[in-house]
Amino acid sequence: MSKGKRIKRALIIMVVIILSISSVFFIGLQIMLQRFSNEVSNIEINNIDLSIIDDGVYIGEYHVNDSVGAIVQVTVNNNIITDINFIEHKYGKGKKAEAITARVIDSQSLQVDAISGATGSSTIILKAIENALLVGISE
């Protein structure tokens with residue numbers, strides 16, 4: 001076999017290997033995204049009656065996996081959510097979802113529209129806020 005044919009054959013093998021690795025990576029990524037989407041679509045956000053929440057600062061968290069989740073600090077005063085701060089927000093591409101806290105404060109409700117383009121992160125943040133408020137329910 002000539003040197004030119006060996007080089008051509010080696011290049012073809014390298015291209016096949018690279019395409020195979022890329023395909024496996026792409027399929028794995030699609031499976032992970034589908035799992036994330038399925039889990040997020042199953043999260044139920046319950047509206048919390050703020051009249052039964054004691055004044056205070058409450059921590060709530062919700063994580064879908066090691067890469068996506070939120071820990072929030074929610075301040076309630078006179079049955080009004082006055083502040084929501086992030087202690088941690090692992091968001092992938094959903095950083096803009098952090099704007100949902102202003103919607104919650106403005107509406108005094110968890111029943112707000114998700115941030116367009118960051119629906120998953122919006123839902124996770126809302127669930128973390130819900131979990132924080134549940135800590136403050138009067139006994």
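The values are calculated or read from the model by the stated rules, or taken from the named source; none is laboratory data. Note that the structure is a prediction, hence the values are computed from the model and not measured. Quick reminder, even Gly has a Cβ in these numbers, built from the backbone with ideal geometry, and neighbours come from all protein chains shown.
Of all the numbered requirements in (1) closer than 17 Å to residue 97 by Cα; (2) hydroxyl-bearing (Ser, Thr, Tyr); (3) in a strand (DSSP E or B), residue 67 misses one, and that requirement is (3).
Take the residues in the stretch 39-53 that are assigned to a helix (DSSP H, G or I) and surrounded by fewer than 12 Cβ atoms within 10 Å (Cβ to Cβ), then tell me which one is farthest from the chain's Cα centre (by Cα). Break it down into steps so the answer makes sense when it comes.
Taking the stretch 39-53 first, the residues assigned to a helix (DSSP H, G or I) are 39-41, 50-52.
With the extra rule that they be surrounded by fewer than 12 Cβ atoms within 10 Å (Cβ to Cβ), the set shrinks to 41, 51.
Working: 41: 11, 51: 28 Å.
The residue in question is 51.
Suppose the filter is on the phi < 0 side of the Ramachandran plot and loosely packed, with under 11 Cβ neighbours inside 10 Å; does residue 100 pass it? Considered against the rule, which asks whether it is on the phi < 0 side of the Ramachandran plot and loosely packed, with under 11 Cβ neighbours inside 10 Å, residue 100 comes out as no.
When you go through 1, 32, 14 one by one, which is the residue that is outside any helix (DSSP H, G or I), farther than 14 Å from residue 129 by Cβ and modelled with pLDDT under 95? Write out each step before concluding.
Working: 32 fails: outside any helix (DSSP H, G or I); 14 fails: outside any helix (DSSP H, G or I).
Checking each option against the conditions leaves just 1.
Residue count for the stretch 52-69, restricted to those that are among the small types (Gly, Ala, Ser) and at pLDDT 95 or above: 2. Only a single item in (1) out of contact with any helix residue (DSSP H, G or I) (no Cβ under 9 Å at 6 or more places or on another chain); (2) surrounded by 10 or more Cβ atoms within 10 Å (Cβ to Cβ); (3) not β-branched (Val, Ile, Thr) is not met by residue 36, and it is number (1). Specify the residue that is nearest to residue 128 (Cα to Cα); the eligible residues are those in the stretch 94-112 that are among the charged types (D, E, K, R) and at pLDDT 95 or above. Filtering the stretch 94-112 for residues that are among the charged types (D, E, K, R) and at pLDDT 95 or above, the one nearest to residue 128 (Cα to Cα) comes out as 103.
For the residues 64, 72, 68, 57, the requirement of being surrounded by 12 or more Cβ atoms within 10 Å (Cβ to Cβ), in contact (Cβ under 8 Å) with a residue 12 or more places away in the chain and more than 21 Å from the chain's Cα centre (by Cα) singles out 57.
Would you pick out the residues in the stretch 96-111 that are under 18 Å from residue 60 (Cα atoms) and either free of Cβ contacts under 8 Å to residues at least 40 places away in the same chain or within 10 Å of the chain's Cα centre (by Cα) (or both)? Outline the logic, then answer.
Going residue by residue through the stretch 96-111, those that are under 18 Å from residue 60 (Cα atoms) are 97-105, 108-111.
The answer is 97, 98, 99, 100, 101, 102, 103, 104, 105.
So which residues in the stretch 76-102 are more than 23 Å from residue 47 (Cα to Cα) and basic (Lys, Arg)? Those that are more than 23 Å from residue 47 (Cα to Cα) and basic (Lys, Arg): 90, 93, 95.
Annotation: of all residues in the stretch 89-124 being β-branched (Val, Ile, Thr) and part of a loop (DSSP other than H, G, I, E, B), the one that is nearest to residue 38 (Cα to Cα) is 115. When the stretch 6-42 is filtered for residues that are without any contact (Cβ under 8 Å) to a residue 24 or more places away in the chain and of a type in the set (D, E, K, R), the ones remaining, listed by number, are 6, 8, 9, 35.
Right, residue 132: in contact with an Asp or Glu (Cβ under 6 Å, 6 or more places away or on another chain), in contact (Cβ under 8 Å) with a residue 12 or more places away in the chain, surrounded by 19 or more Cβ atoms within 10 Å (Cβ to Cβ) and among the hydrophobic types (A, V, I, L, M, F, W, C) or not? No.
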